[in-house]
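J.: Let me give you the structure first, and then I'll get to my questions.
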Amino acid sequence: MLDKNYHPAAFEPVIYAAWEAAGAFAAHPDSPAQPYCIMMPPPNVTGSLHMGHALTFTLQDILIRYQRMRGRDALWQPGTDHAGIATQMVVERQLALEQSNRHQLGRAAFIERVWKWKAESGGTITRQLRSLGASPDWSRERFTMDEGLSAAVRKVFVALHREGLIYRDKRLVNWDPVLHTGLSDLEVESVETKGSLWYFKYPIEGEAGAFITVATTRPETMLGDTGVAVHPDDGRYKHLIGRHAVLPLVGRRIAIVADDYADPAAGSGAVKITPAHDFNDFQVGRRHGLALVNIFDKDAKLNEAAPEAYRGLDRFVAREKIVADMQALGLVEKIEPHTLMVPHGDRSDAIVEPWLSDQWYCDAATLAKAAMSAVETGRTVFVPKSWENTFFEWMRNIQPWNISRQIWWGHQIPAWYGPDSTIFVEETEAAALAAAKKHYNKSTPLRRDPDVLDTWFSSALWPFSTLGWPEQTKELKRYYPTDVLVTGHDIIFFWVARMMMMGCKFMGDVPFRTVYIHALVRDERGQKMSKSKGNIIDPLDLISRYGADALRFTLAALAAQGRDVKLAEARVEGNRNFATKLWNAARYAEMNQCVLVEGFDVKDAKLTVNRWMDSSVNELGVRVTSALNDFKFNEAADALYQFTWGTFCDWYLEFTKPILTGTDEAAKAETRATTAWVLGEIVHLLHPIMPFITEELWQHVTGGKEGMLITSRWRESTPPGPTRMAQTNARHVMEWVIELISAIRSARSEMNVPAASELTAYILSISPPEANILNTFKNQIQRLARLSDIRPPGPPEADLANGSGTIKVVLQHATLSLDVSGTVDVEKERARLAKDAGSIESEIAKVAQKLGNEQFLAKAKPEVVEEQRERQMELRASLDRVRAALARIA
């Protein structure tokens, strides 16, 4: 017997352990079934489950469970990422507590320490994924630093280097002056900061008293200026193009160049160009052949390239001194307050410095061509399709990819240097030494490059390296290309594009046929979750309080394509109530001896109410299957919610209560069998989204005799047709009964009729078929609509039916009148409704005025504008309801 109350914590861990023990998640590469594969985006080994994880892994698990039930050989390939910087920082913090650091330990001992940490603490995220209900094939779990994947990384690096697609270059990188490494753009967070805009006057060479004014937010970089850019069409400066200014404090001649990068409307219209310390300036400098003057060292202190007075100063100390010195020279025209976005390292929180350094690069532009062609020709499709535009925009403007990092934890670059700095790139040290011996004609000691590869480099190989490449394994042949990648739009460029580049290059085919891009999870107001805002919602906390199924269902229900997920805890609580509703329905069925009957076919049901279930369940199956096939998770969740809570619990169970308590044994047997069958169908269709409760209920419905729900077959449904005519007719009958009861309930609610009051209804008009339906279901209608009687109009009821003490209920094929005299004051209700309508109209006007204000639209945050538009829609819907209520009053 099911427990009286729904307590997910009591059975969710037990069920998960049973699934794992039974091997229910396993793929079967030798199976004749059609393969289906999803690559799990590897979470950081240092990570803990956050709401973004919860969304993406829930959606992936829904697809895997769905396809597994459809009979596909489903592989959800799990694994974790070594997370270079994040993991190194964790271990370095441990060392700091021990009064030590990695340099004291040495590289080899430090790497050994990191592996030890990984063995002891690196499984947190995978344990948390289990609590979410994720069902990947854990027996195939991979790690981006395991030996197989490391071999793949080395092989790819060497191959690309030999083709000239990996090379050394001196370019700008996002430099973290605390961690002393370059960062990817994804590891940089821009923080809105209140700063200043300084207007500096640079003297024009050879023209006493003439200046060109430049505006800058970073005075300290002026010491590295090698040019000034103006727009070619800016009339203020046309006469200066081609001439030179003299850089104050330094005395360097710097060219004044014409470039479209300069915006005449921004600042003074003239831009100081510091090619060694600004990404845009770097491009301008390359276009005009400007020199690169690097004025910072690895700690972001001024180096020997700066005038002696500034050497050794921290960049921000130097800023203050430079501004003071410029003011002393009378070269500061003005200073304005200015809000700007300042880049910070997401791990160290240090302000990132664009810094010129020697790094390893990958020729991403060349590799991008095949990836773009794959999307252009439809070999890979984005869902929603609009994200293809973002993909193309990034790929067509792609820059060389900086793949080296100045840390110790990661894939050390397989490059060795000879005594004359000749580089030998090989998969192993032995191969490098052999190459060096051939080059120098003698055995020569080599020094290995200390840098490691960007984490995204190994992640780019994930779809084929996890399947065994470079070995030609049966898994690689069977599961590559994979079917779908599920991920957020924030890593389309960092991960999706790079996997496509590497897959096309080394496998000759795309890594996935479909890329489903889900939205980001925000708080209920549409704000990005962050510690500083205090609006982070912890998925583990929600799971502990409401159960994994409630969280999963909420995320699926909110995952509308193209819209960010606005998550409120109240939604999760509401879907816990949904699970409770299903649990209670199953208990009710169990208490009424509703069990699956072998050989029972609902199509043979005699009672209209039971034939209705056959048609409705079939339609539900069609809707859910179609929605999941189209990645419309919210539509699948909505269909299941409406049917389970509404059609089944609120209507079918209520309609059939008199049957189960009646004396017609044949009707009772048929209804019990139908109830159990419907419950079984619900848990089948709901399983991919809410796996725990459905598995628990399935075991109770079947008595454990039908095996596990997770491995049972999906219920394939068929659209309505001539062969299901009786079921379709039954559905139309029951839907009309529900429409009538609902209309009466709405009218009662709108007029504030007390719930306990039973009213008399009068039929004003009705078509013959509906009259037959009403007569057949009169008792159920009266019971569920709280009516004492339903009468045809006639003396003396005719006058009452059309009098002032009645309200009308109008629906298709019938019009009724409810006698509310002596129950409510109709005129008082009319006045109340009219007043409500006026108040709502006033609110609608206020919102419309706000949305029509260009200044409001320009200044307000997008989420605020969206809130106002949603408010407008809600008010209009409320006004429609009030007007409909007014129209009911005779």
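J.: Residues that are closer than 23 Å to L132 by Cα and open to solvent by less than 10 Å² (accessible area, probe 1.4 Å): find the helices (runs of 4 or more DSSP H) completely inside segment 599-690 holding 2 or more of those.
T.: 608-629, 633-641, 665-686
J.: Restricting segment 825-836 to residues that are surrounded by 14 or more Cβ atoms within 10 Å (Cβ to Cβ) and touching a Ser or Thr at 6+ places or on another chain (Cβ under 9 Å), which is modelled with the lowest pLDDT?
T.: Among those residues, the one meeting the criterion is V826.
J.: Further question on the same structure: Has segment 147-160 got at least one residue that is in a loop (DSSP other than H, G, I, E, B) and open to solvent by 20 Å² or more (accessible area, probe 1.4 Å)? Please lay out each step first, then the result.
T.: Restricting attention to segment 147-160, the residues satisfying the condition of being in a loop (DSSP other than H, G, I, E, B) are none.
For segment 147-160, residues in a loop (DSSP other than H, G, I, E, B) and open to solvent by 20 Å² or more (accessible area, probe 1.4 Å): absent.
J.: Go through segment 389-406 and give me each residue that's buried (at least 20 other Cβ atoms within 10 Å of the Cβ) and either over 30 Å from S357 (Cα atoms) or touching an Asp or Glu at 6+ places or on another chain (Cβ under 9 Å) (or both).
T.: Of everything in segment 389-406, those that are buried (at least 20 other Cβ atoms within 10 Å of the Cβ) and either over 30 Å from S357 (Cα atoms) or touching an Asp or Glu at 6+ places or on another chain (Cβ under 9 Å) (or both) turn out to be W401, N402, I403, S404, R405.
J.: Is there a residue being closer than 30 Å to R107 by Cβ, acidic (D, E) and modelled with pLDDT of 95 or more anywhere in segment 367-382?
T.: No.
For (1) farther than 30 Å from G23 by Cα; (2) of a type outside the set (V, I, T), each residue gets a yes or a no:
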{"site": "Y66", "(1), (2)": "no, yes"}
{"site": "M69", "(1), (2)": "no, yes"}
{"site": "R72", "(1), (2)": "no, yes"}
{"site": "A86", "(1), (2)": "yes, yes"}
{"site": "A108", "(1), (2)": "yes, yes"}
{"site": "T126", "(1), (2)": "no, no"}
{"site": "R130", "(1), (2)": "no, yes"}
{"site": "R142", "(1), (2)": "no, yes"}
{"site": "A159", "(1), (2)": "yes, yes"}
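J.: Conditions first: (1) part of a loop (DSSP other than H, G, I, E, B); (2) in contact (Cβ under 8 Å) with a residue 60 or more places away in the chain. A556 passes all but one, so which condition is the exception?
T.: (1)
J.: Considering only segment 444-468, state which residues are open to solvent by less than 10 Å² (accessible area, probe 1.4 Å), closer than 19 Å to Q359 by Cα and assigned to a loop (DSSP other than H, G, I, E, B).
T.: D449, D454
J.: Right, another one. Considering only helices (runs of 4 or more DSSP H) fully contained in segment 1-110, which possess at least 2 residues that are touching a helix residue (DSSP H, G or I) at 6+ places or on another chain (Cβ under 6 Å)?
T.: 8-21, 51-69, 84-97
J.: Do you know which residues across segment 191-220 are more than 23 Å from I335 (Cβ to Cβ) and not acidic (D, E)?
T.: Residues satisfying the conditions are G206, A208.
J.: Among D234, D259, D281, D314, which is among the charged types (D, E, K, R), open to solvent by less than 60 Å² (accessible area, probe 1.4 Å) and over 42 Å from the mean Cα position of the chain (by Cα)?
T.: Going through D234, D259, D281, D314 in turn, the sole match is D234.
J.: Given the residues A309, A270, A276, A262, which is the only one that is among the small types (G, A, S) and under 23 Å from P400 (Cβ atoms)?
T.: Working: A309 fails: under 23 Å from P400 (Cβ atoms); A270 fails: under 23 Å from P400 (Cβ atoms); A262 fails: under 23 Å from P400 (Cβ atoms).
After applying the criteria, what remains is A276.
J.: State which residue is farthest from Q527 (Cα to Cα) when the search covers only segment 869-880 and only residues that are open to solvent by less than 40 Å² (accessible area, probe 1.4 Å) and of a type outside the set (G, A, S).
T.: Among residues in segment 869-880 that are open to solvent by less than 40 Å² (accessible area, probe 1.4 Å) and of a type outside the set (G, A, S), the one farthest from Q527 (Cα to Cα) is L879.
J.: For S842, are the conditions met, namely being open to solvent by less than 80 Å² (accessible area, probe 1.4 Å), at pLDDT 85 or above and in a helix (DSSP H, G or I)?
T.: Yes.
J.: What pairs come out if I take residues in segment 316-327 that are touching a residue at least 12 places away in the same chain (Cβ under 8 Å) and closer than 15 Å to A300 by Cβ and pair them with residues that are in a helix (DSSP H, G or I) and among the aromatic types (F, W, Y) whose C-beta lies under 6 Å away, six or more apart or interchain?
T.: Close Cβ pairs (under 6 Å, with a partner that is in a helix (DSSP H, G or I) and among the aromatic types (F, W, Y)) amount to A318/Y310.
J.: Quick one: in segment 849-883, of everything that is among the small types (G, A, S), assigned to a helix (DSSP H, G or I) and out of contact with any helix residue (DSSP H, G or I) (no Cβ under 8 Å at 6 or more places or on another chain), which residue is modelled with the highest pLDDT? Lay out the reasoning, then the answer.
T.: The initial filter retains those residues of segment 849-883 that are among the small types (G, A, S), namely 852, 858, 860, 877-878.
Now narrow it down to the ones that are assigned to a helix (DSSP H, G or I): 858, 877-878.
Now drop any that are not out of contact with any helix residue (DSSP H, G or I) (no Cβ under 8 Å at 6 or more places or on another chain), which leaves 858, 877.
On the way: A858: 80, A877: 85.
Among residues in segment 849-883 that are among the small types (G, A, S), assigned to a helix (DSSP H, G or I) and out of contact with any helix residue (DSSP H, G or I) (no Cβ under 8 Å at 6 or more places or on another chain), the one modelled with the highest pLDDT is A877.
J.: What's the number of the condition G562 fails, among (1) part of a helix (DSSP H, G or I); (2) within 20 Å of A519 (Cβ to Cβ)?
T.: Only one criterion in (1) part of a helix (DSSP H, G or I); (2) within 20 Å of A519 (Cβ to Cβ) is unmet by G562, namely (1).
J.: Quick check: anything in segment 214-224 modelled with pLDDT under 95, touching a strand residue (DSSP E or B) at 6+ places or on another chain (Cβ under 7 Å) and open to solvent by 50 Å² or more (accessible area, probe 1.4 Å)?
T.: No: segment 214-224 contains no residue that is modelled with pLDDT under 95, touching a strand residue (DSSP E or B) at 6+ places or on another chain (Cβ under 7 Å) and open to solvent by 50 Å² or more (accessible area, probe 1.4 Å).
The values are calculated or read from the model by the stated rules, or taken from the named source; none is laboratory data. From a predicted model like this one, the values you see are computed outputs, not experimental measurements. Backbone-built Cβ (ideal geometry, glycine too); neighbour counts: all protein chains shown. Accessible surface is based on the protein model in full, side chains and every heavy atom, while ligands, DNA and RNA are left aside. Shrake-Rupley method; radii C 1.70, N 1.55, O 1.52, S 1.80 Å.
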